[in-house]
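S.K.: My questions will all concern the structure given below.
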Amino acid sequence: MHKLVTIVFIAMLAVVGPHAFAYQFWGVNVGAATYDNSTQLTFDGLNGSGIQYAVGGWKYTRVDGEWQGAFAAPIPGEGWLASRRSDAQGIFFKSDGANALFTVVTTASQNGQLATELGYDRRLFGPGDLKIDVGGHNYGIGMRKSNLLWAENPTATQPQYQIYGANGNIISMNSRDAGTLGTVVQDPDWARAGNQDLPADSDYRFAFLVNGTGSVVGSAGVSFADTGVFMNGAHVYAYEVTVPWTTLGVTDGQSFAASWRPDCGNDLICADFNRTIMGSPVPEPATMVSLAGGVIGLALKKRR
């Protein structure tokens, strides 16, 4: 039985300013720099590292000195809800032999964020769960703590407050409150909020796994930290996830897809990865835009 690797975060250096980095994972420096008259996220140390990744965000992203973007603004356009323009910033993958290692960079806090600016009651937006698709199965890697309420008023009936399961059916708000942290579930039901008219196979439907569905097949190590980067009105956070290959059933050389979205449903970042092929081919970017629960965000998908 493989022992889960304990993830140790490197201490934050300082409050970040332009052209500085504040946080490091796997030798990759996360920071911010001024570009196009705004603060943008930067990643340095990826070239030649063997790390596979997908990046995206608002509005540009710099990787090893090269700016990528600009990415299209979501409806209704630039200037709306600056504090959560960049929910999904990047997803990074490597293998240590026995385990799959992932890092998700996002503005979604593990403790949740109030959405008071919406003007109708209050909701708490937290992280979704990491989704792995491989070999005809999907695996949910739990990233949410217990008692992270979806709505401060649990009796709210507005469509934007409801949580939707398979086929667009409304499921219990309590499904959001149950924690999944560190649990690996095979073929769970996936829930999301808002956009209840999405087709059942839409990527945007998958935000967090519904506790009690699917089969628990193992556990993962999950760590969370504030990177020290403050950008466009929001803190930037990092989640590091360690899950054994034997739990996922991924063999040497096998490809799989990994995706993550905040549970508010307005962003998505995903990529195709391979367990042993760790090169960095020319990216093929595509942009996906979504409106969910009255909160507008940028969803983007970039394959490397």
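Each value in this text was obtained by applying a stated rule to the coordinates, not by laboratory testing. Because the structure is a prediction, the values reported are computed rather than measured. Quick reminder, even Gly has a Cβ in these numbers, built from the backbone with ideal geometry, and neighbours come from all protein chains shown.
S.K.: Taking neighbour Cβ counts within 10 Å as the exposure measure, how do Leu41, Leu209 sort from fewest upward?
M.R.: Leu41, Leu209
S.K.: Further, regarding this structure: Once you put a point 7 Å from the Cα of Thr34 and another 7 Å from the Cα of Asp133, both along the Cβ direction, what distance in nm separates them?
M.R.: Label-label distance for Thr34 and Asp133, simple model: 4.2 nm.
S.K.: Please give the residues of the stretch 92-106, grouped as numeric ranges, whose backbone N is less than 13 Å from a label point set 7 Å along the Cα-to-Cβ vector of Gln68.
M.R.: Only 92-93, 105 pass the distance filter.
S.K.: With a point put 7 Å past each Cα toward its Cβ, work out how far Leu114 is from Ser172 in nm, to one decimal.
M.R.: Each label point is offset 7 Å from its Cα along the Cβ direction, giving 2.7 nm.
S.K.: Got a sec? How would Asp252, Asp44, Asp267 order by Cβ neighbour count within 10 Å, fewest to most?
M.R.: Taking fewest neighbouring Cβ atoms as first place, the list is Asp252, Asp44, Asp267.
S.K.: Based on the mean of other beta carbon atoms within 10 Å per residue, what is the order of 153-166, 211-224, most packed first?
M.R.: Highest-to-lowest ranking by the protection proxy: 211-224, 153-166.
S.K.: I need the Debye-formula profile for the stretch 132-236: one equal scatterer per C-alpha, no solvent, reported as log10 I(q)/I(0) at q = 0.16, 0.17, 0.21 1/Å, two decimals.
M.R.: -0.81, -0.89, -1.16
S.K.: Please list 3J(HN,Hα) in residue order for the stretch 220-228, calculated via the Karplus relation 6.51 cos²θ - 1.76 cosθ + 1.60 where θ = phi - 60°; whole Hz, with x for glycine and proline.
M.R.: So the Karplus estimates, Gly and Pro as x, are 10, x, 10, 10, 9, 8, 7, 6, x Hz.
S.K.: Order 257-264, 29-36 from most to least packed using the mean count of other Cβ atoms within 10 Å. Mind dumping the intermediate values first?
M.R.: Working: 257-264: 25.2, 29-36: 19.1.
My ranking of the peptides, most packed first, is 257-264, 29-36.
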